[in-house]
Ligand SMILES: CC(C)(COP(=O)(O)OP(=O)(O)OC[C@H]1O[C@@H](n2cnc3c(N)ncnc32)[C@H](O)[C@@H]1OP(=O)(O)O)[C@@H](O)C(=O)NCCC(=O)NCCS
């Protein structure tokens, strides 16, 4: 893995807003000062909305939330996650509007994190273990490692402005700067799957949730039909 400048700014962009005017955004690495803010951001809407975490019931169990807080903290400390902020502060510090958590994932290597104890934690681990049996990213790109997304979330009031797309595009650049030859992962919702396509990733695997649920003995109740794995070569 190559050394790189941290934290880096990946992109600045503007969006016109209804009623005139523009909003300015910046996509950058999550600096240490923002680690805890970003972790709490993921413990907000994301765990209530995302297909996996809502199916597991994480948000309803404070102990499961705490387990996930510990996991997210260990992920963010690896300095491979990106965030989008409002570039013009409101005078009270940076306003966080989107996060993409990432970690390097190696072939034949599962997780070295403490196993969860809560029902929700165990359910989410079971889903992850099932999806990780699919080796498409390694096979398609001939790599032994890729930068895997472990959570993508944009604040509801900033959605449909292309922020998630910019986060994924930044992650592709980040992986390249780390010397990691591919990036990708599981895209759980139909919206996120469209974002992945928009960011130039390709769908490498698709399975109906009904079938996937039977494999890991979990009932998914969501409008999204298929679980999909997307990937992209970074070179
Ligand atoms: C999925 C999510 C991250 C998308 O964030 P976003 O910043 O609004 O996405 P973008 O603006 O980059 O969307 C890019 C494209 O994806 C598609 N898309 C995004 N959200 C959509 C939605 N809710 N419904 C339909 N299409 C959607 C559109 O094609 C969109 O382009 P367009 O706005 O020009 O039509 C956000 O809705 C979210 O946080 N959802 C809850 C958590 C979640 O599902 N996370 C994904 C886990 S893998």
Once you have the Cα-Cα distance between residue 23 and residue 4, take 0.36 nm times their residue separation minus that, and quote the gain in nm to one decimal. 3.9 nm
Where does each of 193-205, 45-57, 209-221, 165-177 land if you order them by average Cβ count within 10 Å, highest first? 165-177, 45-57, 193-205, 209-221
Add -39500 (n - 2.57) for each DSSP H run of 4 or more in the chain, then divide by its residues: what number comes out at 222 nm, to the nearest 500 deg cm²/dmol? -10000 deg cm²/dmol
Evaluate E = 1/(1 + (r/R0)^6) for residue 33 and residue 173, where r is the Cβ-Cβ distance and R0 equals 35 Å; express this FRET efficiency to the nearest 0.05. 0.95
For the residue 216, residue 77 Cβ pair and Förster radius 25 Å, calculated FRET efficiency rounded to 0.05 is 0.30
Arranged from highest to lowest average of other beta-carbon atoms within 10 Å per residue, in what order do the peptides 58-67, 135-144 appear? 58-67, 135-144
How long are the semi-axes of the ellipsoid equivalent to region 9-233, from square roots of 5 times the Cα gyration tensor eigenvalues, in whole Å, largest first? 27, 20, 18
Is any residue of region 46-67 close enough, with backbone N under 12 Å, to a label point placed 7 angstrom from the Cα of residue 119 along the Cα-Cβ axis, and if so, which? 56-58, 60-61
Spacing of the two label points (7 Å from each Cα toward its C-beta) at residue 160 and residue 136, in nm: 2.8
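Read-outs throughout are calculated quantities, based only on the coordinates presented, and are distinct from any laboratory measurement. Because the structure is a prediction, the values reported are computed rather than measured. Here the Cβ is made from the backbone with ideal geometry for all residues, glycine too, and neighbour counts use every protein chain on show.
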